[in-house]
Amino acid sequence: MMEVRRRPLIMAALACLPAVALAFAPPRVATLTHPAHRPVTPVAALRSAFGPASSSGISMSTTEEVAGAETFQFEAEVSRVMDIIINSLYSNKDIFLRELISNASDACDKKRFLGISKEGNGGSSEEDLCIRVKTDKEAKTITIEDRGVGMSREELKKNLGTIAQSGTKRFLEALKAKPDDTNLIGQFGVGFYSSFLVADRVEVITRAEGGEQLRWESSGDDSGAYSIAPDSTEPIEGTSGTRIVLHLKEEAEEYLDAFKLKTLLGTYSEFISFPVELWSEKTEYEQVPDEEAEVAEGEPPKMKTVSKTVEQWERINTSKPLWMRAPSEVTEEEYAEFYKTAFKAWDQPLRTAHFSLEGQVEFRCLLFVPSNLPWELSQDMFAQADAGSVKLYVKRVFISDRFSGEILPRWLSFMRALVDSEDLPLNVSRELLQKSKVLSIIAKRLVRKAIDTLVELSEDAEVYAPFYEQFGKYIKVGLIEDRDNKDDILKLARFESSRAAVAAKADGDDASPAAGLTSLADYVSRMPEDQKQIYFVAGTSRAALEGSPQIERLTAKGYEVLFATDSVDEIALQGVGEFEGKQVVDAAKQDVDLGGEDEGDEEKRKADAERLADVLAYLKDTLGGAVDKVEVSKRLTSSPAALVQPQWGMSPQMERFMKAQAVAMGQPEAMGSTASTAILEVNADHPVLAKLEGLVRDDRDSADAKDYAQLVYDVAAVTSGYEIANPTAFAQRVTRLMAPDSVAPASAPSSPQPAASGEKADTSATPKAEVEVVSEDESSSS
């Protein structure tokens, strides 16, 4: 036999998985429409992966025959493939049980369909067709027996003794192509051979209907040998069936533990169609006479409780696969109970979607909308984005819940889904899922159904309001990340609003979770005829934004403004772009079109700028690098000043968020280049500006004038959502204003600035004042 160099082979095998395994291995049979469409063996995964034996497959030679026993030898290429399967194909040894139980289920399915196809025969009942698992701690064996179709001698040779694949040699050569790929989980579908993960010797005792009972045996070692012989041990129950006996390796003796085996069976075979039973011990209690107790004459004997241990078959898979039933046959109570059991949930599902897709791709799905935010998501909103939110089954056999991210986008990771596909292989890797067209179709259909379910839920405002209070952030993340479905997700999004809050208070509903929230569709329906854009402004709270000077003119004109009180709100609204032909714009930007201005307004602002040119220059000189420019405002009606951002600047809310992110990532210096400098806009008609104008005219170098100029900036910063960089200096200025003789003026007061910018103002050099009045036409063109 050729020497097997295990390590290089494994690394080579890991590399060529996508190109070769998918090319050479036909897909697993998807449906049970006719008996001929399924393999006549309990190792259906093996045959479906490699196909029937062919003249160009791997040949075998009989080396000896003694008393009816035949020993066969694999060729070198097959031994090498076996080495890969046993030593590197599966990363989790537990799946041997899933594979063997699934194969046994296939055998029972086959027998049932063969029975139905026989004229005048109704097929075997579910009670007759069962799967039993039993352990023997002394012999260190696990026995798995089914009452499905068995195998004849020729079928044993063909199905268990051959990896029949005309491209095997080419496959092995191609394994050397990419030695760095380390994921071979489940590409071959040769589930039967996973038994060698835990066993050093495997016996298969089987009897086909009307045939003799045979024993197939192999050690799966480098010898590459197996034997077939008549079997005279305990007869197979029923007319046919298969019994697999695993002689466990020393490191696999943990599987003899009844609790572990029961747990694995419950995980992988919970929804198998046929009864799965485990031979287990059970403690029972009974009343017996207490012979040691003293009993008076004529009294009945005293009794005592004693325990006894009995062994019996315990059915493991008592749950019913609801998704296999028609939705009209399932009650809401059954859905709720299934949801709680399958996903370990304590709340009631708010909505349930039960649907299927038939045609080129077939799958069934249960989709649940939780009514309460799970605890783990309250700690980390994407805790189950990659695992836990979706359970994947293949023909009712549980595969994994670790592929949630490949099936649902993370903005829907709060939902719970169960998917059962007929068209995926039992062994599914993340790499395979990422390239699978079948899964792509399933994922798109699932997302579409999830959105439709949520849209239906949103039509009931009383139900949707508490739901959105808990899960609204996920919807907004969807606006940011799922651009393909942006228009549909916008129907689900809700934002706080200036007018919605007023309306809620007027209706006496300001305590409701829905108070102050509006959809974009409702916003547009309330827009005045002269309003051309949808406005929003970002801040820390609704109360702070309702008094923001940045929206004074908009509210005075009766325009509604959306409040982005969360950093996710701001990012989501910035990404909307346009809704029903209306641009969504940030009202705190310098060049925003506030609507309704005429030539008279523009002429007045130019005249005010000329009149206050000296004041504007003084403010820029005094504040230095704290502001980018100072200009007369077109948005202020009652406040003396406001800070706004240039078109591509970040709001103070976003700067705080970005700074927190940078600190969390250990890169606080990263914010230095992203912080933007605000623009100071002043209200030319406000008394504060008139007083500052007088102070500058009287003595522009006085401490009072500088204090006053800085207070104008401080007030603008606080009311516009910024934090004061130097609260102590601010407090001193206010105190001097309140009691001029109480605090001595600072000899060299520093220029204040919003804390979000992260840098102190540069007072060492006084830049030339930059006074600018920007008309709407010029702003648009720029």
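The values are calculated or read from the model by the stated rules, or taken from the named source; none is laboratory data. What you are looking at is a predicted structure, and each value in this text was computed from that prediction instead of being measured. Neighbour counts run over all protein chains shown; Cβ positions are idealised from the backbone, glycine included. Heavy atoms of the whole protein, side chains included, go into the accessibility calculation; ligands, DNA and RNA do not. Shrake-Rupley method; radii C 1.70, N 1.55, O 1.52, S 1.80 Å.
Packing, taken as the mean count of other beta carbons within 10 Å per residue, orders the peptides 407-413, 266-272 from highest to lowest as 407-413, 266-272. With the cut-off at under 15 Å, measuring from each backbone N in segment 245-285 to a point 7 Å along the Cα-to-Cβ line of T305 picks out 283-285.
Using a probe of 1.4 Å on the protein chains alone, the accessible area found for T735 is around 50 Å².
Inter-label distance, E284 to E237: 1.7 nm, where each label sits 7 Å from its Cα along the C-beta direction. Close amide H pairs (under 5 Å, H built 1.01 Å from N) link A725 with Q753, A755, residues at least 5 positions away or on another chain. Counting only residues at least eight positions apart within a chain, or on another chain, the lysines with an alpha carbon under 25 Å from that of K437 are K178, K391, K395, K449, K486. Counting only protein chain heavy atoms and rolling a 1.4 Å probe, the accessible areas of L264, L737 rank, largest first, as L737, L264. Cross-link partners for K604 among the lysines, with Cα-Cα distance under 30 Å and sequence neighbours closer than 8 places in the same chain left out: K532, K557, K582, K589, K620, K629, K634, K691, K706, K768. Give the shape of segment 506-664 as rounded, prolate or oblate, defined through the alpha-carbon gyration tensor: a ≥ b ≥ c are the square roots of its eigenvalues, a/c under 1.5 means rounded, and otherwise the shape is prolate if a/b is larger than b/c and oblate if not. Oblate shape, in that a/c is at least 1.5 and b/c is the bigger or equal ratio. For segment 203-355, evaluate the Debye formula with one uniform point scatterer on each Cα (no solvent term) and list log10 I(q)/I(0) at q = 0.11, 0.15, 0.16 Å⁻¹, rounded to two decimals. Once normalised to I(0) and log-transformed, intensities are -0.81, -1.03, -1.08. Couplings 3J(HN,Hα) for segment 696-705, derived from phi with the Karplus relation 6.51 cos²θ - 1.76 cosθ + 1.60 (θ = phi - 60°), are 5, 5, 6, 7, 5, 9, 6, 5, 4, 5 Hz, where x marks Gly and Pro. Phi angles across segment 460-467 convert, under the Karplus curve 6.51 cos²θ - 1.76 cosθ + 1.60 with θ = phi - 60°, into 3J(HN,Hα) values of 9, 4, 5, 7, 6, 4, x, 4 Hz, Gly and Pro given as x.
Taken over the Cα atoms of segment 270-331, the convex hull encloses 141 Å³ per residue. Shape analysis of segment 686-728 places it in the oblate category; the axes a ≥ b ≥ c from the Cα gyration tensor give an a/c of at least 1.5, with a/b not above b/c.
With θ taken as phi - 60° and the Karplus curve 6.51 cos²θ - 1.76 cosθ + 1.60 applied, the whole-hertz 3J(HN,Hα) list for segment 254-260 is 4, 6, 7, 6, 4, 5, 4 Hz, x standing for glycine and proline. R0 = 51 Å: FRET efficiency of S356 with E597, Cβ-based, nearest 0.05? According to the calculation, E is roughly 0.30.
Peptides 573-585, 360-372, 287-299 ordered by packing proxy, namely the average of other Cβ atoms within 10 Å per residue, highest first: 360-372, 573-585, 287-299.
Amide H contacts for D290 (H built 1.01 Å from N in the peptide plane; partners 5 or more residues away or on another chain; cut-off under 5 Å): K302, M303, K304.
Accessible surface ranking for I724, I116, 1.4 angstrom probe, highest first: I116, I724. Between K260 and A613, the simple label model (points 7 Å from Cα in the Cβ direction) yields a spacing of 8.9 nm. Computed extension length for D699-I480: 73.5 nm, one decimal, from 0.36 nm per residue of separation with the Cα-Cα distance subtracted. Solvent-accessible area per residue in segment 548-604 equals 36 Å², computed with a 1.4 angstrom probe and all protein chains kept.
With a Förster radius of 25 Å applied to the beta-carbon distance between D386 and Q661, the computed FRET efficiency rounds to 0.75.
Work out the FRET efficiency for D221 and A139 from their Cβ-Cβ distance, taking R0 = 22 Å, and round it to the nearest 0.05. Working from the Cβ atoms, E equals 0.65.
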